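Student: Below is one structure. I have some questions about it.
The values are calculated or read from the model by the stated rules, or taken from the named source; none is laboratory data. Model, not experiment: these values are computed from the prediction. Using ideal geometry, Cβ is built from the backbone for each residue, glycine included, and neighbour counts are taken over all protein chains shown.
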Ligand SMILES: [Zn+2]
């Protein structure tokens with residue numbers, strides 16, 4: 001887990017005994033992993049993977065659709 005200087009825009013919004021948590025926020029979260037932040041990085045990668053796959057399938061199905069319309 002990375003630490004960031006106090007006041008850094010990516011500083012975790014969690015607070016502990018010693019004040020604001022000095023760790024870097026997880027991707028897409030206001031909190032670090034230690035404060036319950038969950039990174040959305042993997043979800044974004046999965047989403048773009050699924051989108052790419054749908055796009056690929058659409059390209060494959062395109063000519064098939066044209067054929068079925070002719071029948
Ligand atoms: Zn934290």
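Student: Take residue 18 and decide whether it is within 16 Å of the ligand (Cβ to nearest atom) and modelled with pLDDT under 90. Give the derivation first.
Tutor: Values: within 16 Å of the ligand (Cβ to nearest atom): yes; modelled with pLDDT under 90: yes.
For residue 18, the condition - within 16 Å of the ligand (Cβ to nearest atom) and modelled with pLDDT under 90 - is met.
Student: Can you confirm whether residue 26 is within 16 Å of the ligand (Cβ to nearest atom) and in contact with a strand residue (DSSP E or B) (Cβ under 7 Å, 6 or more places away or on another chain)?
Tutor: When the stated conditions are applied, residue 26 does not pass them.
Student: Another question, if that's okay. Every residue in segment 19-68 that is surrounded by 13 or more Cβ atoms within 10 Å (Cβ to Cβ) and assigned to a helix (DSSP H, G or I), please.
Tutor: 33, 34, 35
Student: Something else: Between a residue in segment 1-23 that is over 14 Å from residue 37 (Cα atoms) and any residue that is exposed (fewer than 10 other Cβ atoms within 10 Å of the Cβ) and at pLDDT 90 or above, which pairs come within a Cβ distance under 8 Å, given they are 6 or more apart or on different chains?
Tutor: 20/6
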